[in-house]
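The values are calculated or read from the model by the stated rules, or taken from the named source; none is laboratory data. As the structure is a prediction and not an experimental result, all values here were calculated from the model. Cβ sites come from the backbone with ideal geometry, for glycine too, and all protein chains shown count toward neighbours.
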Amino acid sequence: MRKFDYYIGRAVLVATLAVLLLLTGLDSLISIIDESDDIGNGYQFADVLVYVGYTVPRRIHEFIPFAALIGALVALGRLAASSELVIVRASGVSLAGIAFMVLKPALVMAMFGFAVGEFVAPHSEQLAMSHRALAQRSESAVAGRFGAWNRDGNTFIHVDAVQRGGIAYGVTLLTFDEEYRLVRSLVAERGTHAGDHWMLEQVRSTHVQEGGTAIQRDTLWRWDTAITPQLLTLDVVEPETLPILQLWPYARYLQRQGMVFVDIELAFWRKVLQPLATLALVLVAMSFIFGPLREGTMAARVFVGIIVGVAFRISQDFFGPASLIFGYDPFLAALSPIAACWLGGMWLLWRRA
């Protein structure tokens, strides 16, 4: 039994790693081609390579469930085509026993993906966003193309990029009165966090008055705020790339500020449930191998794997935004596609058994 466990587990793990490498490489190549359209004005091809290189951990984290699906189809399909699965069954191993053998390497890949998404991707994604924003930001723009917005009371903040050490580039502050009329706009070249405040450098502020506007320039300007570099970092990157331990407190902060926070909760539950999603897709792959794809060609198995993966991703993209529109629990939005895969895979395997 242990030899069967090792043999099947190794086949599934090797196939999954190969598919993961292929998917990540293709996605990175497509990203390089897309980013090449923005080359110019300080953003060079070397910057494109650095940016895409920093985003590789995030791509690995995203593709692991689909790599596990296609890898299981390929590995089990090869074993079925050579009648090795028939030999395993004839040796007294039940269908449930084979399922456990296949789910073990899938669980290893799921935990690997969870670790990459929790400890590597958040930091590398921050570096990627900062590098691209600094290379592409315009000195004359009030708010750069990249970066993110935040709010502190009646002041709305935009930063182009945030680097480690508490340094923000391209800081824009828009201050409104109680009737939400603009009273001041401030643009700073750089800001450095100094404990309980920020020191902004090369500041140009415009004060809106009844008779017109007044422009003031300062070399240094103190900005007293509770906004921290960590909070700005959370704003700059996509929610799906943030660590789980930061997502939930960040959602509560946005809720206190009166800002949209449901998308952060959705990202939290998706990251928590991703290992279950990986195992669910592998279970669906097994149900196909022991069913209609047992005698299918390798191309047919890969094609089916891609179709199932795309359908799963579409269902995630549907239920997620639907929770924002219709107001139901983001946990249910993240769980629904996974539960459907689990129930469908178990039902199909039960029928084959």
Quick check: is even one residue across the stretch 57-76 at pLDDT 90 or above and basic (Lys, Arg)?
yes
Sole miss for MET286 among (1) modelled with pLDDT under 85; (2) more than 24 Å from the chain's Cα centre (by Cα) is condition (1)
If a residue must be under 12 Å from ASN150 (Cα atoms), acidic (Asp, Glu) and assigned to a loop (DSSP other than H, G, I, E, B), how many such residues does the stretch 233-266 contain?
0
Going residue by residue through the stretch 222-231, is there one that turns out to be of a type in the set (Gly, Ala, Ser), out of contact with any Leu (no Cβ under 9 Å at 6 or more places or on another chain) and outside any helix (DSSP H, G or I)?
yes
For the structure I just gave you, tell me whether VAL120 is assigned to a helix (DSSP H, G or I), without any contact (Cβ under 8 Å) to a residue 60 or more places away in the chain and in the same structural domain as THR297 (by TED's automatic domain parsing).
no
So which of GLU201, GLU265 ends up being surrounded by 13 or more Cβ atoms within 10 Å (Cβ to Cβ), among the charged types (D, E, K, R), over 23 Å from TYR54 (Cβ atoms) and in contact (Cβ under 8 Å) with a residue 40 or more places away in the chain?
GLU265
